[in-house]
1. Condition first: modelled with pLDDT of 70 or more and in contact with a helix residue (DSSP H, G or I) (Cβ under 9 Å, 6 or more places away or on another chain). Now tell me which residues in the stretch 15-38 satisfy that.
2. Out of everything in the stretch 74-84 that is in contact with a strand residue (DSSP E or B) (Cβ under 7 Å, 6 or more places away or on another chain) and modelled with pLDDT of 95 or more, what residue ends up being farthest from residue 10 (Cα to Cα)?
3. Could you give every pair whose Cβ atoms fall below 7 Å, whose first residue belongs to the stretch 65-78 and is surrounded by 13 or more Cβ atoms within 10 Å (Cβ to Cβ), and whose second residue is assigned to a helix (DSSP H, G or I), counting only separations of at least 6 or pairs across chains?
């Protein structure tokens, strides 16, 4: 999403907003690796979103994320900014 205006200072006219990142698949038991889990789909989706954002002249990705997944985004170069996980695009 490319917001036209925002009430939050973290989101500017040069920001692309990802409301949530969800990967869906068959539920598996705790401790078992499912057929779609840990295959890099989330990373691929984020890289594609970053590419699309750059093509639209955006220099920042802002993600609404729960506390429990912040470590995942940090591994991909995102940092906590206010209540969002943010990556500045080069």
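The values are calculated or read from the model by the stated rules, or taken from the named source; none is laboratory data. Here the structure is a predicted model, which means the values were calculated and not measured. We place every Cβ from the backbone using ideal geometry, glycine too, and count neighbours over all the protein chains shown.
1. 15, 16, 18
2. First pass over the stretch 74-84, keeping only residues in contact with a strand residue (DSSP E or B) (Cβ under 7 Å, 6 or more places away or on another chain): 77-79, 84.
Then keep just the ones that are modelled with pLDDT of 95 or more; that gives 77-79.
Details: 77: 17, 78: 13, 79: 12 Å.
So, considering only residues that are in contact with a strand residue (DSSP E or B) (Cβ under 7 Å, 6 or more places away or on another chain) and modelled with pLDDT of 95 or more, the one farthest from residue 10 (Cα to Cα) is 77.
3. Listed pairs, sorted by first residue: 65/73; 76/43; 76/46.
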